[in-house]
2 protein chains.
Amino acid sequence: MSSTPAKKSLKKSTRESSSKTQSKRIEAKRNKRKIIMQAALDLFSSNGVHGTSVEQIADLAKVSKTNLLYYFASKELLYVEVIQQLLDVWLVPLKGFNSEQDPIEAIANYIEVKLALSRDNPKESRLFCMEVVQGAPLLFNQLGSPLRAIVEAKVQVISDWIKAGKLAPIDPYHLIFSIWATTQHYADFRVQVEAVTGQSLDNPEFFAATLHSIQTIILNGVRPQHS
Amino acid sequence: MSSTPAKKSLKKSTRESSSKTQSKRIEAKRNKRKIIMQAALDLFSSNGVHGTSVEQIADLAKVSKTNLLYYFASKELLYVEVIQQLLDVWLVPLKGFNSEQDPIEAIANYIEVKLALSRDNPKESRLFCMEVVQGAPLLFNQLGSPLRAIVEAKVQVISDWIKAGKLAPIDPYHLIFSIWATTQHYADFRVQVEAVTGQSLDNPEFFAATLHSIQTIILNGVRPQHS
DNA sequence: GTCTATAATATGATAGAC
DNA sequence: GTCTATCATATTATAGAC
């Protein structure tokens, strides 16, 4: 976040291993890994794993190829770490609502959170999409049960709402999928949305209009209200 | 479709170039190209272009690598042809409804057509998805204006319906995107849907349930009906 | 048209100096 | 930790016999 002071310039100071310099080193290492992973995410998400070379990542991260392979033993391992980090970003907002909330409000809010995620983390969304589209060779070993658990919790909440008459009797699974699909669409199919409308979620007005439209469609449907 | 008789065995019959054998040859060539393109679609859609080697395609199509490159000058060109063929499949069902139809019926029907497309052409859907997610380097030169034209025509129809009070006042663009997103989701995110529900559109009951759910959500919304 | 080399390159990864 | 070779391999594509 803060600007890096100068770039470390000294050779190793002959075994000066105070805990202070140690932690500095560790932090520097962590930071560099972070930079590399960010570059990797950029490229993986727009060219795929196989469409991205280690050298490209190294260039974007401004390290040498050899140096990158010092921090990550192989391209595969780098990819795995990027995917793992991605899941953290991904699973949090899914843990949204509970049955005490007002369903309409909760769903509207959930749509907003997910759409904001598409706006703020489009690369993560696209990489996730690519992984899943390709059968998620890597992803679903790890993702499988936590995802099912989260979904089942939500399904339960939705079922409760329906039983209480607070929601129309729709299949909870498909409702969840519909929300995911519609919101992620604006990140994953961004170029198509742009080709058709000339707009993207980066434009606050378009974001607001999109949010309102999705909320209206899912909550009220398109059938005209009989007055 | 029909079983291949034996495999052609004769050497070239020393310049026998009747129009009959000519057309046979042309058809054979066309057929072989088709087989190769099918194999290519299979692999491209699940591994991406860069994740697929010419050799893999050749193996799946049961031709030699050299032979494949006799029919398609390069992997790139093969890919381009696959994508082009894909667009034919893709754009047809988009030309659905016109303003004389009943909007509710037309939209319900459009959802069904699109969901059936996800069931019957999942590989095309996924390859299209991958292309778009990656920024559609190839696709949007060709797709750009025809797509916009189709969408604009539909937007017009929807606007007419809204003006006539036959549809709630929702943004036509986002309605179209919502239908695309929700229906394509079951092809593109198939492994995720399976991971969560254990089902896919191949199961007729799941198809029916999915169709009904999407139609209900988009037409009626999830808000409970006040009696 | 189909095959057997084989060229030409790109790319992942390592060895070893500093 | 970082660099300069360099290896090893995979892969696209071509040349030329049949």
Which one of these does A:VAL157 not meet: (1) aliphatic (A, V, I, L, M); (2) closer than 22 Å to B:ALA209 by Cα; (3) touching a helix residue (DSSP H, G or I) at 6+ places or on another chain (Cβ under 7 Å)? (3)
Set A:GLY165, A:GLY144, A:GLY221: member being of a type outside the set (S, T, N, Q) and out of contact with any helix residue (DSSP H, G or I) (no Cβ under 9 Å at 6 or more places or on another chain): A:GLY165
Just for region A:28-47: of the residues that are within 12 Å of DNA strand D (Cβ to nearest atom) and in contact with a Phe, Trp or Tyr (Cβ under 9 Å, 6 or more places away or on another chain), which one is farthest from the other protein chains (Cβ to nearest Cβ)? A:LYS29
Could you look through region A:60-78, keep only residues that are assigned to a helix (DSSP H, G or I) and within 9 Å of DNA strand D (Cβ to nearest atom), and pick out the one that is most open to solvent (accessible area, probe 1.4 Å)? A:TYR70
Out of all the residues in region B:48-83, which are within 14 Å of chain A (Cβ to nearest Cβ), more than 14 Å from DNA strand C (Cβ to nearest atom) and either touching a Phe, Trp or Tyr at 6+ places or on another chain (Cβ under 6 Å) or charged (D, E, K, R) (or both)? B:THR52
Candidates B:VAL193, B:VAL222, filtered to the one that is touching a His at 6+ places or on another chain (Cβ under 9 Å), closer than 16 Å to A:ASP171 by Cβ and open to solvent by less than 30 Å² (accessible area, probe 1.4 Å): B:VAL193
Which pairs do you get when a residue that is open to solvent by 80 Å² or more (accessible area, probe 1.4 Å), found in region B:22-39, comes within reach of a residue that is modelled with pLDDT of 95 or more and away from DNA strand D (no atom under 16 Å from the Cβ), reach meaning Cβ atoms under 9 angstrom, with the pair 6+ apart or on two chains? B:ILE35/B:LYS62
Failed item, numbered, when A:THR216 is tested on (1) more than 9 Å from chain B (Cβ to nearest Cβ); (2) at pLDDT 95 or above; (3) out of contact with any helix residue (DSSP H, G or I) (no Cβ under 7 Å at 6 or more places or on another chain): (1)
Filter pass, B:SER99 being closer than 30 Å to B:ILE217 by Cβ and within 20 Å of the chain's Cα centre (by Cα): no
All positions within region B:207-216 that are without any contact (Cβ under 8 Å) to a residue 12 or more places away in the chain, closer than 15 Å to B:THR182 by Cβ and hydrophobic (A, V, I, L, M, F, W, C): B:ALA209
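The values are calculated or read from the model by the stated rules, or taken from the named source; none is laboratory data. None of the values given here were measured: they were computed from a predicted structure. Every residue, glycine as well, gets a Cβ built from its backbone with ideal geometry; the counts of neighbours run over all protein chains shown. Accessible surface is based on the protein model in full, side chains and every heavy atom, while ligands, DNA and RNA are left aside. Shrake-Rupley method; radii C 1.70, N 1.55, O 1.52, S 1.80 Å.
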